[in-house]
Amino acid sequence: MQVNRLFEIIYLLLNKKSMTARELAERFGVSQRTIYRDVDTLSLAGIPVYTEKGKGGGISLLPEFVLNKSLLSEQEQHEILSALKGLSIVKTADTDGVLKKLSTIFNKSAANWLEVDFTGWSYQDGDNFAMFKTAILERQIARFDYYSTYGEKTHRRIEPIQLWFKSKSWYVKGFCLTRQDVRLFKLSRVKNLILTDEHFLPREVLALPPTPGPAERQKPDVELKLKISPEMLYRVYDEFDEDMVEKQPDGSLVVSVLWPEDEWVYGTILSYGEYAEVLEPAHLRKIIQEKSQKITKLYS
């Protein structure tokens, strides 16, 4: 994995004065171009690594950063560890182990001051996220069963391009070999995911907008106005920007927001229960009323 390789490069350079790109490429089984990209990444992260061309040249850390001679100040040590920790936010299996090695060199503990988990509470979603991440980095074709909004099951083979987070959900963007088009797939609807041994070359499709399937097409955005009771104050400021909220004399809050109209919107409004009222538009007010009546009928 790329992050682990970056850690290992630093670890090697800490113990050697210099290494050539060829030596590093052979060690990690990648191209020299990949090693040079890694050097650029480390430099952008604040790691004092540089390259020197010509005979006797190579990739090195700046001379004043020779850790074995203890020439680093406390602040410099913390800065390097912080930069490495920042690179490790998206974890791989060996990230923690390599970070501990580097911390040992500094004689410091690796404080877990930051944790970012991109997955939901579902273990299945977490597995899918990690597998798609691997497929994107390794350019592996993925195949899986996919369930549409209406529960229709199809089998897909895709070349994964990106993981997307949109409207509180994770999606994978990929070139669908079945439809021969760029598509978005919601991770929670992906089942039986398998990474094949087939690899693919990058396509010039990253900038293209994904084409939703017929069942994924959304209704036009709707200008929504909600009146929410003071009891839900804690939710309002978590879920809406301050400039969308207008406090009323009676303590209630009127929220104005532009949302794509779909079942998620209906469910979000209903999740406020008796504490939210749709003021506008009229047709959405009627939809929520009908859904509320159906819920009441279920429990009557």
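The values are calculated or read from the model by the stated rules, or taken from the named source; none is laboratory data. Here the structure is a predicted model, which means the values were calculated and not measured. We place every Cβ from the backbone using ideal geometry, glycine too, and count neighbours over all the protein chains shown.
You will find that of L226, L193, the residue that is at pLDDT 80 or above, assigned by TED's automatic domain parsing to the domain that holds Y266 and in a strand (DSSP E or B) is L226 and no other. Residues that are closer than 14 Å to M232 by Cβ, of a type in the set (D, E) and not in a helix (DSSP H, G or I) within the stretch 264-300 comprise just one, E277. Does any residue of the stretch 279-299 turn out to be in contact with a helix residue (DSSP H, G or I) (Cβ under 6 Å, 6 or more places away or on another chain), of a type in the set (S, T, Y) and farther than 24 Å from T149 by Cα? No: the stretch 279-299 contains no residue that is in contact with a helix residue (DSSP H, G or I) (Cβ under 6 Å, 6 or more places away or on another chain), of a type in the set (S, T, Y) and farther than 24 Å from T149 by Cα. If you filter the stretch 9-32 down to residues that are of a type in the set (D, E, K, R) and modelled with pLDDT of 85 or more, you find that the one that is farthest from G54 (Cα to Cα) is R27.
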